[in-house]
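S.K.: The structure's right below; bear with me while I get my questions together.
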Amino acid sequence: MKPTLSLAALAWLTLPLIACGQPAAPETERAEIVRPQTVQPEIVATYPHDSAAFTQGLFIHDGAMFESTGQVGESSLRRVELQTGHVLQQVNINPPIFGEGSTRIGDEIFMVSWVSGAGMVFDAGTFELVDQFAYPGEGWGLTTDGRQLILSDGSPQLRLLDPETLELTGTIDVTLNGRPVRRINELEWVDGEIWANIWQTSMIVRIDPETGIVTGLVDLGALLPAGVADPRDAVANGIAVNHETGQIYVTGKLWPVLYEIRLPGDGE
């Protein structure tokens, strides 16, 4: 277990997560600022993962793992056997689409793309493309609280979308120590919180969806596999929770492993 960082160390560590040039919170607001702890997870189990998969989205439904991958000409939506890492079902996304995050509501899987402003809706059983939608700006991560889609675009603001109309219904401004958090990437809804990878860091931030405040940080730095093909791109990205069992899984872009993790103090 990694010891909790001091406030000074935490401030230094999280500088890359904060939008440059943002003013400090006013003195009257500082008493309300949450000072989140940083923890290092415990590894429960390790599983194989496709080391060629540029992981962008990860989720579990009814015990099955689904993954969306990126890169133009290599993007795909997959159903993966968790224990072996074998791809059981796959649909490829044609260029110029650069695949990003994905999630499932009902019998449909929603997936976004990076700079194309194009979203896709697939039949969850057949992977047939059944609908498409457009949105302004970029798409990075995607998750759901069961009622609405939650989309990240690399900015400090998460978007809320109606899954029926795909219309914007609200936003969440994400802050850490009173400052905006940028580079929010892959998302997962975990026990009433939004967990998010922060691009090009080893950090997962735990976001209160009501306030947007980061209430905790999970450092995956010790999980980075040795000898990955491209250390610059092979960053932590991919969070999935089995909502039936509470098991949490993480991986990264081009990682040859998928980890089941547990936070210190959570169970035996």
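The values are calculated or read from the model by the stated rules, or taken from the named source; none is laboratory data. The structure displayed is predicted, hence computed values, not measured ones. For neighbour counting, all protein chains shown are included, and Cβ atoms are generated from backbone atoms with ideal geometry for every residue, glycine included. SASA here: full protein model, heavy atoms, side chains in, ligands and nucleic acids out. Shrake-Rupley method; radii C 1.70, N 1.55, O 1.52, S 1.80 Å.
S.K.: Could you go through region 96-112 in sequence order and give the Karplus-derived ³J(HN,Hα) for each residue, using 6.51 cos²θ - 1.76 cosθ + 1.60 with θ = phi - 60°, rounded to whole Hz, and x for Gly and Pro?
M.R.: Along region 96-112, the couplings run x, 5, 10, x, 9, x, 8, 7, 10, 10, x, 9, 10, 10, 9, 9, 10 Hz.
S.K.: Please report, in whole Å, how far the alpha carbons of region 57-135 spread along each principal axis, starting with the longest.
M.R.: 33, 25, 17
S.K.: Nothing charged except the Cβ atoms of Lys and Arg (+1) and of Asp and Glu (-1): what's the magnitude of the dipole of region 112-268 about its Cα centre? Round to the nearest 20 debye.
M.R.: Computed charge dipole of region 112-268: roughly 660 debye.
S.K.: Here is a follow-up. Taking a probe of 1.4 angstrom, what is the accessible area of Ser51 in Å², to the nearest 10?
M.R.: Its accessible surface works out to 70 Å², give or take rounding.
S.K.: Would you mind working out the magnitude of the charge dipole of region 156-205 relative to its Cα centre, with +1 at each Lys and Arg C-beta and -1 at each Asp and Glu C-beta, to the nearest 20 Debye?
M.R.: For this selection, approximately 420 debye.
S.K.: Sort Leu142, Leu88, Leu160 from largest to smallest accessible area, using a 1.4 Å probe on the heavy atoms of the protein chains.
M.R.: These residues rank, largest area first, as Leu88, Leu160, Leu142.
S.K.: Counting only protein heavy atoms and a 1.4 Å probe, tell me what percentage of the chain's accessible area is made up of carbon and sulfur.
M.R.: Of the solvent-accessible surface of the chain, carbon and sulfur hold 50 percent.
S.K.: While we're on this one: Please report the relative contact order for the chain, taking Cα pairs under 8 Å with a sequence separation of at least 6, and give it as a percent rounded to a whole number.
M.R.: After rounding, I find 20 percent.
S.K.: A further question on this structure: What whole-number distance in Å separates the alpha-carbon centres of region 92-119 and region 156-176?
M.R.: The distance from the Cα centre of region 92-119 to that of region 156-176 comes to 17 Å.
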